[in-house]
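A.B. asks: Here's a structure for you.
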Amino acid sequence: MKNSIKVITSLLLATGLFSCNDNEQKEGDRGALASNAAEKVYVAPGEHDEFYAFLSGGYSGNLTVYGLPSGRMFKEIAVFSQFPTSGYGYSEETKPMLNTSHGFIPWDDLHHPDISQTNGKLDGRWIFVNGNNTPRIAKIDLKTFETTEIIEVPNSAGNHSSSFVTENTEYVVAGTRFSVPIPQEDIAINEYKGKFKGTLSFISVDPEEGHMDIKFQLIMPGFDYDLSHPGRGKSHGWFFFTTYNTEEANTLLEVNASQNDKDFIAAVNWKKIEEYVNNGGGKIMPANYAHNMYDDKSHTATSTMKKEVLVVDPREVSEAVFFLPTPKSPHGVDVNPSGDYIIGNGKLSADLTVHSFDRMIDAIENKEYSGEAYGIPILNFEDILAGTVKQAGLGPLHTEFDDKGNAYTTFFISSELVKWNVETREVIDRQPNYYSVGHVMVPGGNSREPFGKYAIALNKITKDRYLPTGPELEHSAQLFDISGEKMELLLDFPTHGEPHYAAGIPAEILEENSQKIYKLAENENEYATLTNGDARVERNGNEVHVYMTTIRSHFTPDNIEGIKVGDKVYFHITNHEQDFDVPHGFAMIGANNAELLIMPGQTKTLVWEPKQVGVWPFYCTDFCSALHQEMQGYVRVSPK
Ligand code: CUK
Ligand code: CUA
């Protein structure tokens, strides 16, 4: 076994898992473009795309919205960022969204979007995403395409095996990549083994409003939980998590983390644990975490600090958690649409492991264990294996599915997308990716009903695919037509930040519900100015509140006097427009904030602390009418 580790390690070094090697990536090869590719991606002016695709923005902290097949970007949704374009995270109303137990944290690393489901089908209500770094889960409302809720995940570090939903959106699930002492304490790092833990958090989603609440956290051995996937269909009620450090090494030089030939997939019967906690099981643990909610009547976010969380030791619940041995440090774990198979993407391997859910259940019923780890039963690899996809490629990372029984696996090292049949495990087709693909996404590919028309490969390295833009290029996505036997490359398009996973949905599901305006009459913002007659300036000590309205093409009031150096001026601006797509902007000279972009019917607030005497202009930043240039005003600032 030692030898095989050495072989694969040198293979990995040679092929670029640990360093990028140009020889392996033949630059300049264009890939086999479908002969009618242009026709297939052409969406004529004025026509709409067939699918929405939501691409994670990785270190941009945001989620981007694209159309498929055109590859046109429609929107960047601010999530874990201060986003100047909309003023998100700058306006007084949205700042609380970025509050955490560590304070105001306007950045995160966003990895995995997943769309809410009903009966295993995409319902298009919300999309959930995870923040990796300061562990958080966010929810975006797919009516408004705005972030409406963020919950921090306590007892977590590296919130990576997140944010996948169960098939009725009962839960959005979050798992820890980095094991840490729980609760945190000051101990030597090399005391990791046995003392550092991981948590798997089951965050319930209220079916009406979608509000999130941490129902329970499983406290697990410190094996580093990489990715996760829900069971569905027959395996609904289970959740699967990969691990990559069953060695419990505190330093992950490959010699350490790859010692074990097999790591585990943790199989969690969450229905059993849910029942256990509903009957009073588990224990309350003190924990500080923020729960931030945005209300789209008041257009205001509030942040609440929570003080405790319910934790469960998996050993307390009999036969609820099992370890499935899976070769070669599995990265992704993916369950096929019928829920029969659990695919382990062993990233240091050439083969793919396919576990059988039925065989897993049989092994559990017969109590055929090969051992245990920290009191959690380990099943026999041979007992649960359905088979392997042999020599499929090098370095499998993630698998997605179509509606015809096929799987699509990405291979990072051999840089290709491989199509194979889930039942026969025969490879059907392979297409090169430019370059070094991470995730792949088929709209609905993470549900019981995939729409097997397109797949997008999300590549890590771009190199010569686009005009050079200095040392860094945007990552590239590649769109494939997967409706036939062979996958056909249709399009390359640049993405934003670093997309990890993505989620796609037929346009018609979202189009009809998409909200066009906020009704002014329903505006409940406490600083709203509903009529021009109410527009005013109010002083309260050195705080000044300007209640301002805006409609094409005027601010009311637009000449403001009586402001003094040292004042704190709040501009509360209500947009009186009631037409689709007519926001107004507001920018003030010297404001240490961004601008505001106020949607029709909304109120937003920008703070300004004038430092100098004079007469200072403000203006609308969004070209809103022929008289946009006239949308301006002055503030007179007098000495203290
Ligand atoms: S991870 Cu990035 S390529 Cu965060 Cu889903 Cu595998
Ligand atoms: Cu309002 Cu430009």
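A.B. asks: Consider Gly601 against the criteria (1) part of a loop (DSSP other than H, G, I, E, B); (2) surrounded by 19 or more Cβ atoms within 10 Å (Cβ to Cβ); (3) within 14 Å of ligand 2 (Cβ to nearest atom): it satisfies all of them except one. Which criterion is unmet?
C.D. replies: (3)
A.B. asks: Which members of segment 517-534 meet the condition of being surrounded by 12 or more Cβ atoms within 10 Å (Cβ to Cβ) and in a loop (DSSP other than H, G, I, E, B)?
C.D. replies: The first filter runs over segment 517-534 and keeps only residues surrounded by 12 or more Cβ atoms within 10 Å (Cβ to Cβ), leaving 517-518, 520, 523-525, 527-530, 532, 534.
Once the filter is applied, which keeps residues that are surrounded by 12 or more Cβ atoms within 10 Å (Cβ to Cβ) and in a loop (DSSP other than H, G, I, E, B), segment 517-534 yields Ile517, Tyr518, Asn523, Glu524, Asn525, Tyr527, Ala528, Thr529, Leu530.
A.B. asks: Ok, one more. Can you name every residue in segment 141-153 that is closer than 25 Å to Gln515 by Cβ and either crowded, with 24+ Cβ neighbours inside 10 Å or not β-branched (Val, Ile, Thr) (or both)?
C.D. replies: Taking segment 141-153 as the starting set, the residues that turn out to be closer than 25 Å to Gln515 by Cβ are 141-151.
Scanning segment 141-153 gives Asp141, Leu142, Lys143, Phe145, Glu146, Thr147, Glu149, Ile150, Ile151.
A.B. asks: Out of all the residues in segment 398-407, is one or more of a type in the set (Gly, Ala, Ser), out of contact with any Leu (no Cβ under 9 Å at 6 or more places or on another chain) and either modelled with pLDDT under 95 or buried (at least 19 other Cβ atoms within 10 Å of the Cβ) (or both)? Let's see the steps before the verdict.
C.D. replies: At the first step, the residues of segment 398-407 found to be of a type in the set (Gly, Ala, Ser) are 405, 407.
Still in the running and out of contact with any Leu (no Cβ under 9 Å at 6 or more places or on another chain): 405.
Now restrict to residues that are either modelled with pLDDT under 95 or buried (at least 19 other Cβ atoms within 10 Å of the Cβ) (or both): none.
No.
A.B. asks: Restricting to segment 428-449, count the residues that are over 14 Å from Leu397 (Cβ atoms) and buried (at least 23 other Cβ atoms within 10 Å of the Cβ).
C.D. replies: 7
A.B. asks: Okay, moving on. Residue check: is Asp226 buried (at least 21 other Cβ atoms within 10 Å of the Cβ) and in the same structural domain as Gln184 (by TED's automatic domain parsing)?
C.D. replies: Working: buried (at least 21 other Cβ atoms within 10 Å of the Cβ): yes; in the same structural domain as Gln184 (by TED's automatic domain parsing): yes.
Yes: the conditions hold for Asp226.
A.B. asks: Regarding Asp362, is this residue away from ligand 2 (no atom under 16 Å from the Cβ), closer than 29 Å to Ile428 by Cα and assigned by TED's automatic domain parsing to the domain that holds Ser162? Walk me through how you get there before you give the answer.
C.D. replies: Working: away from ligand 2 (no atom under 16 Å from the Cβ): yes; closer than 29 Å to Ile428 by Cα: no; assigned by TED's automatic domain parsing to the domain that holds Ser162: yes.
For Asp362, the condition - away from ligand 2 (no atom under 16 Å from the Cβ), closer than 29 Å to Ile428 by Cα and assigned by TED's automatic domain parsing to the domain that holds Ser162 - is not met.
A.B. asks: Could you identify the single residue in Leu385, Leu417, Leu379, Leu394 that is in the same structural domain as Leu122 (by TED's automatic domain parsing), crowded, with 21+ Cβ neighbours inside 10 Å and over 27 Å from His475 (Cβ atoms)?
C.D. replies: Numbers: Leu385 fails: crowded, with 21+ Cβ neighbours inside 10 Å; Leu417 fails: over 27 Å from His475 (Cβ atoms); Leu394 fails: over 27 Å from His475 (Cβ atoms).
Leu379 is the lone residue from the list that is in the same structural domain as Leu122 (by TED's automatic domain parsing), crowded, with 21+ Cβ neighbours inside 10 Å and over 27 Å from His475 (Cβ atoms).
A.B. asks: Let me ask you something else. Scan segment 629-638 and tell me whether some residue there is within 12 Å of ligand 2 (Cβ to nearest atom), surrounded by 15 or more Cβ atoms within 10 Å (Cβ to Cβ) and under 35 Å from the mean Cα position of the chain (by Cα).
C.D. replies: Looking for residues that are within 12 Å of ligand 2 (Cβ to nearest atom), surrounded by 15 or more Cβ atoms within 10 Å (Cβ to Cβ) and under 35 Å from the mean Cα position of the chain (by Cα), one finds none in segment 629-638, hence no.
A.B. asks: Condition (residue is more than 21 Å from Leu597 (Cβ to Cβ), in the same structural domain as Ser625 (by TED's automatic domain parsing) and part of a strand (DSSP E or B)) applied to segment 546-553: is it met by at least one residue?
C.D. replies: To start, the set of residues in segment 546-553 that are more than 21 Å from Leu597 (Cβ to Cβ) comprises none.
Checking segment 546-553: not a single residue is more than 21 Å from Leu597 (Cβ to Cβ), in the same structural domain as Ser625 (by TED's automatic domain parsing) and part of a strand (DSSP E or B).
A.B. asks: Right, another one. Mind checking which residues of segment 556-598 are under 15 Å from Trp616 (Cα atoms) and near ligand 2 (Cβ under 10 Å from one of its atoms)?
C.D. replies: Result: Phe586, single match.
A.B. asks: Continuing with this model, one more query. Looking at (1) more than 16 Å from ligand 1 (Cβ to nearest atom); (2) assigned to a loop (DSSP other than H, G, I, E, B), can you tell me which one Asn446 breaks?
C.D. replies: Failed condition: (1).
A.B. asks: Is there a residue in segment 274-286 that is buried (at least 21 other Cβ atoms within 10 Å of the Cβ), under 30 Å from Ile105 (Cα atoms) and of a type outside the set (Lys, Arg)?
C.D. replies: The answer is no, given that none of the residues of segment 274-286 is buried (at least 21 other Cβ atoms within 10 Å of the Cβ), under 30 Å from Ile105 (Cα atoms) and of a type outside the set (Lys, Arg).
The values are calculated or read from the model by the stated rules, or taken from the named source; none is laboratory data. These numbers were taken from a predicted model, which means no experiment stands behind them. Note that we place each Cβ from the backbone using ideal geometry, even for glycine, and neighbour counts take in every protein chain shown.
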